[in-house]
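Data block below; observations after.
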Amino acid sequence: MKFLKFKKHNEDVPIGKIVCIGRNYLEHAKEMGNEKPDEFPIVFLKPASTVIYSGENVIHPTYSDNLQHEVELVLYIGEEVKNATDEEAENAIHGYTVGLDMTLRDLQFEFKKKGDPWTLAKCFDTATVLSEIVLKKDYLLKGNEKILLKVNDEIKQSSSIDKMIFSQIEIIKFISTRMKLEKGDLIFTGTPEGVSKVVPGDKIYAELENISNLETKIIE
Ligand code: MG
């Protein structure tokens, strides 16, 4: 079982489900060859067993030739919520951090073509990199924080979370109409443009302004 790590606080919270949003930045949707989704965000899941923390290594699966990074704002759900109102959605977010939704892009494209689920492109061991969670009572997100990712010191992704198509509140409201959210759940809110292939030996640094940063290395 995997537990969350908090900045400045000690609490044993097992990681629940990790709910991920796809295509939540217009420029990233375009670079993937997709139009902006019209009504609802794309939703998929990653299991807690895929999580590693900053300082640990991402193990490159041998069966993929295109492992890519996706840096994302991650929301920490601190209380159960179902069919959330705006206020309930806001209250359900107890903290934030930065995370990587590592993706096997070659497998994902194949699955998309066939209409198959993305599961195996997103759920290999070490596919989810997390940093410590900053609780909302310690820092309230302004909503325009910068989000950044570097590979070997070269900036690859650089955006701001106010470019998200669906807001934090809209995301939680929508997900909670389809499945309840519980304490310990995480929401990956989508990645901005600039995703790129990484190979063994590459070092990734990612940062969400005023919140947290993380480092990881790709290994065989
Ligand atoms: Mg993603």
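Computed from the coordinates by the stated procedures, all read-outs in this text should not be read as laboratory data. Fair warning: this is a prediction, and the values are worked out from it, not measured in the lab. Note that we place each Cβ from the backbone using ideal geometry, even for glycine, and neighbour counts take in every protein chain shown.
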Using only the Cα atoms of the stretch 13-77, construct the convex hull and provide its projected area averaged over every direction, in square nanometres to one decimal. 6.2 nm²
Would you kindly derive the ³J(HN,Hα) couplings of the stretch 13-20 from the backbone phi angles with the Karplus curve 6.51 cos²θ - 1.76 cosθ + 1.60 (θ = phi - 60°), listing them in order in whole Hz, with x for Gly and Pro? 10, x, 6, x, 7, 10, 9, 10
At q = 0.08, 0.11, 0.13 Å⁻¹, what base-10 log of I(q)/I(0) does the Debye formula yield for the stretch 18-219 when every alpha carbon is treated as an equal point scatterer in vacuo? -0.24, -0.46, -0.65
Highest mean first, how do 116-122, 60-66 rank when packing is the count of other Cβ atoms within 10 Å averaged over residues? 116-122, 60-66
When a/c is below 1.5 the answer is rounded, else prolate if a/b is larger than b/c, else oblate, so apply that to the stretch 103-220 with a ≥ b ≥ c taken from the square roots of the Cα gyration tensor eigenvalues. oblate
Asn213-Glu79 FRET efficiency (beta carbon distance; Förster radius 25 Å; 0.05 resolution): 0.40
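Using unit Cβ charges (K, R positive; D, E negative) and no other charged atoms, how large, in debye to the nearest 20, is the dipole of the stretch 77-168 about its Cα centre? Mind dumping the intermediate values first?
Details: 13 positive and 17 negative charges, 87 e Å.
Roughly 420 debye, rounded to the nearest 20.
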Proximal charge balance of Lys46 [Cβ under 15 Å; K/R count +1, D/E count -1]: -2
If we count other beta carbons within 10 Å of each Cβ, what is the order of Phe124, Phe174, Phe188, Phe3, fewest first? Phe3, Phe174, Phe124, Phe188
If the only charges are +1 at each Lys and Arg Cβ and -1 at each Asp and Glu Cβ, what is the size of the charge dipole of the stretch 18-219 around the Cα centre, to the nearest 20 debye? 360 debye
Among Phe40, Ala92, Ser131 the positive-end extreme of the charge dipole of the stretch 18-219 (Cβ point charges): Phe40
For peptides 96-106, 131-141, sequence by mean Cβ density within 10 Å, most packed first: 96-106, 131-141
Considering only Asn83, Ala29, Ser64, whose Cα is most displaced toward the positive end of the charge dipole of the stretch 20-87, charges sitting on Cβ of Lys, Arg (+1) and Asp, Glu (-1)? Ser64
Shape category assigned to the stretch 170-220 from the gyration tensor of Cα positions, a/c cut at 1.5: prolate
Can you compute the modelled spin-label distance between Glu90 and Glu56, with each label point 7 Å from Cα toward Cβ, in nm? 3.5 nm
